[in-house]
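As structure tokens, the structure follows; a few thoughts come after it.
Throughout, read-outs are computed from the coordinates displayed, never taken from laboratory work. What you see is a predicted model, and the numbers here were worked out from it, not measured in a lab. Note that each Cβ is placed from the backbone with ideal geometry, even for glycine, and that neighbours are counted across all protein chains shown.
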Amino acid sequence: MKVAVTLWDFLGPDRENLIQRWANKERLSQRDRALLNQKFDFLERVGVDLALATKMLAGPVNKQRHIYKLVAHGDLMLRPMVCKGPPQDRRSEVTLLEGAVEKDRNLHPENAPERAEQNRQVISKDGQRRGPHERF
């Protein structure tokens with residue numbers, strides 16, 4: 001299978017996969033995990049432009065011009081925050097930066113877009129703070 005983009009996950013200072021930690025903390029159901037895997041597989045195959053055109057990705061979010069949210073309607077309204085690149089190739093790489101859910105049309109945590117932007121800036125300075133995407 002040819003991929004349009006390569007997916008990466010944001011890592012904490014101890015190299016812990018913070019996206020997986022979010023999924024475990026939220027106690028995502030098997031259905032939600034499968035849905036996220038399906039959405040990220042699609043994103044990997046078609047790329048950001050088509051994902052935006054199909055409204056699977058929305059953004060930029062909350063005035064954070066580099067941050068997008070994945071839209072997944074499962075048991076929870078899942079809204080992981082992603083960015084193109086960085087820092088290497090914004091055309092062929094996407095990094096999962098922060099986990100979030102939507103309740104009553106509000107993101108939880110409320111500062112997820114801002115935290116995602118902070119994480120994006122961290123990996124812009126230190127490319128070792130991301131690792132290959134791990135399926136849910």
Q) So which residues in the stretch 52-94 are in contact with a Ser or Thr (Cβ under 6 Å, 6 or more places away or on another chain) and part of a strand (DSSP E or B)? A) CYS83, GLU93
Q) If you take the residues of the stretch 8-23 that are touching a helix residue (DSSP H, G or I) at 6+ places or on another chain (Cβ under 6 Å) and assigned to a strand (DSSP E or B), which of them is nearest to GLY47 (Cα to Cα)? A) ASP9
Q. Scanning for something in a helix (DSSP H, G or I), surrounded by 14 or more Cβ atoms within 10 Å (Cβ to Cβ) and touching a Cys at 6+ places or on another chain (Cβ under 9 Å), does the stretch 95-118 turn up at least one residue?
A. yes
Q: Check off (1) surrounded by 23 or more Cβ atoms within 10 Å (Cβ to Cβ); (2) free of Cβ contacts under 8 Å to residues at least 40 places away in the same chain; (3) farther than 16 Å from PRO132 by Cα for VAL82 and give me the number that stays unchecked.
A: (3)
(Q) Please determine whether any residue of the stretch 28-40 is part of a loop (DSSP other than H, G, I, E, B) and on the phi > 0 side of the Ramachandran plot. (A) no
